[in-house]
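Let me begin by presenting the structure, written as structure tokens, before commenting on it.
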Amino acid sequence: MDDTLFNEQIETMGAEELRTIQEIKFSKQLDYVWQKSLFYQKKFGKYGIKREDIKSLEDLIHLPFTEKDELRKSQEEHPPLGTHCVAPMDDIIRIHSSSGTTGIPTFVGITRHDHKVWTDITARSLYAKSVRPTDILIHAVGLTFFVGGLPVKDAIEHIGAAFVPIGTGASDRVVMTTKRLGGNALHCTPSYAQYLADYVRKKYHMDPSELGFRKLVVGAEPGGGVPTVKKRLQNEYQGLVSEGMGNSDAAPIIFGECPAQQGMHFCAQEYIFPELIDPDSGEALPMKDGAEGELVYTLLDRECCPVVRFRTRDRITIFTDPCECGRTSFRIRCIGRTDDMLILLGVNVFPSAIKDVITSFRPRTTGDMIILLDKPGPKVEPPLKIQVEYSPGEKNLDTLKKELETSLRDKLVFRADVELVPEGTLPRFEMKANLIKKLYEEA
Ligand SMILES: [Zn+2]
């Protein structure tokens, strides 16, 4: 595979040189925020912070965090886009929406300049994920609203690859179009890649590898970074699975995994300043190899909806050792989202980690599972109820149940009550998988 970079200069830049660029952009952006954003004028005013108190990125820790709920509230109180939206409507060229996984969706506007920045970051990330101009990419993700749609189209076109917009819920069209056009790359969620593999096997009696996808460009949920899920997809398709991650308030795809598969590279070097924090205390953590925490973004180049110290609620592990691809940026694995986290007797458990354990039992399990919650989390009284699908060939269900429970206890340190259900019982997902089923009425 060709090992070129999308922007060699910035992607191989040393830390000091990059910091200089970031400082210049930070200072300019902060001037802009202080002058234009009613949202931040009020927020910083409340804390008694003055512009001159913040001299460099080092002082960033003195600024308060921005929570998603504050943006939502600002939008409800000051429609249409909230007081954090500082661009006039005649400069705004598109309005997207966050996926709404945590409440009412919020809108995100972009100007022509923001669009250029988004396209650059997203293209850099997709290029890291091995998308090349010669590729024919089948886009099996919705094109509407969601930032994984149109902005990805723009970025794919910017790279020069051929973008084939198919969308969701059209698996037959994916199969037919891929065959006729010779599509070699598939952009979708990891859940859909699995769904499609099962679908073609059942309906077309076809091995998924015969589809010809040698590149699976996945994102929007943690699956692509779950080791057993990734391995399974690579075996199914005989292709490279590369994971990406973005944020609708920051940029569509900010991280992209290179073929070395040692985590996703940060690809918004001069556009976003990332921080790692302790999610409980809010204290900034050093970005050193192996560090774990929550990602926080400060946008360095945004006209419409600039955000400062925005808490993503994404829990990540950082890797800083050199990567063979030559990119100098740090890499991450996403462990999960704070909103999905469960706490069992003080132990944090992420659904994607449970999925990893259940999938490691393939072919005895199908890999499909769902967590049942009687009451709202994150605190759960053990045992945690999990439904797991067993494969038709599996005869010894008592043993399998015990082995699954033991493995979950050994690896993730919590007590589970596994209920085995026949293959095909649990829902399949064509977009993001929902690994938690709420058995209670939501307030
Ligand atoms: Zn790399």
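The values are calculated or read from the model by the stated rules, or taken from the named source; none is laboratory data. From a predicted model like this one, the values you see are computed outputs, not experimental measurements. When we count neighbours, we look across all protein chains shown, and the Cβ atoms used for this are built from the backbone with ideal geometry, even at glycine.
Brief remarks follow.
- Boolean, Gly346 is away from the ligand (no atom under 16 Å from the Cβ) and without any contact (Cβ under 8 Å) to a residue 40 or more places away in the chain: yes
- Residues in segment 118-140 that are in contact (Cβ under 8 Å) with a residue 60 or more places away in the chain and either within 16 Å of the ligand (Cβ to nearest atom) or not in a helix (DSSP H, G or I) (or both): Arg124, Ser125, Leu126, Tyr127, Ala128, Lys129, Ser130, Val131, Arg132, Asp135, Leu137, Ile138.
- Taking segment 377-399 as the range and being crowded, with 19+ Cβ neighbours inside 10 Å and closer than 12 Å to Val421 by Cβ as the test, the residues that pass are Ile386, Val388, Glu389, Tyr390.
- Checked across segment 384-396, the condition of being under 17 Å from Ile436 (Cα atoms) and modelled with pLDDT under 95 holds for no residue.
- Selection count where residues are within 28 Å of the chain's Cα centre (by Cα), under 22 Å from Leu295 (Cα atoms) and among the polar types (S, T, N, Q), scope segment 28-73: 2
- Boolean, Asp339 is closer than 30 Å to Leu38 by Cβ and not in a strand (DSSP E or B): yes
- Under the condition of being part of a helix (DSSP H, G or I) and away from the ligand (no atom under 15 Å from the Cβ), the residues counted in segment 225-258 number 11.
- Residue-level check: of (1) modelled with pLDDT of 95 or more; (2) more than 21 Å from Asp356 (Cβ to Cβ); (3) out of contact with any Cys (no Cβ under 9 Å at 6 or more places or on another chain); (4) of a type in the set (A, V, I, L, M), Ala193 misses just (2).
- When residues of segment 314-339 are limited to those that are more than 10 Å from the ligand (Cβ to nearest atom) and charged (D, E, K, R), the one farthest from Ile272 (Cα to Cα): Asp339
- Applying the set (1) outside any helix (DSSP H, G or I); (2) within 20 Å of Asp2 (Cβ to Cβ); (3) without any contact (Cβ under 8 Å) to a residue 24 or more places away in the chain to Thr144 leaves exactly one unmet item: (2).
- Pairs with Cβ under 8 Å, 6+ apart, first in segment 259-284 and within 18 Å of Thr317 (Cβ to Cβ) and within 16 Å of the ligand (Cβ to nearest atom), second in a loop (DSSP other than H, G, I, E, B) and of a type in the set (D, E, K, R): Ala260/Glu324; His265/Arg327
- Test for Asp289: is it farther than 30 Å from Pro427 by Cα, under 22 Å from the mean Cα position of the chain (by Cα) and free of Cβ contacts under 8 Å to residues at least 24 places away in the same chain: no
- Counting the residues of segment 327-341 that are under 16 Å from Val226 (Cβ atoms) and among the polar types (S, T, N, Q) gives 0.
- Extreme residue, farthest from Ala220 (Cα to Cα), among residues of segment 422-435 that are at pLDDT 90 or above and surrounded by 16 or more Cβ atoms within 10 Å (Cβ to Cβ): Leu426
- Reported count of residues in segment 304-328, each being part of a loop (DSSP other than H, G, I, E, B), surrounded by fewer than 22 Cβ atoms within 10 Å (Cβ to Cβ) and not basic (Lys, Arg), is 8.
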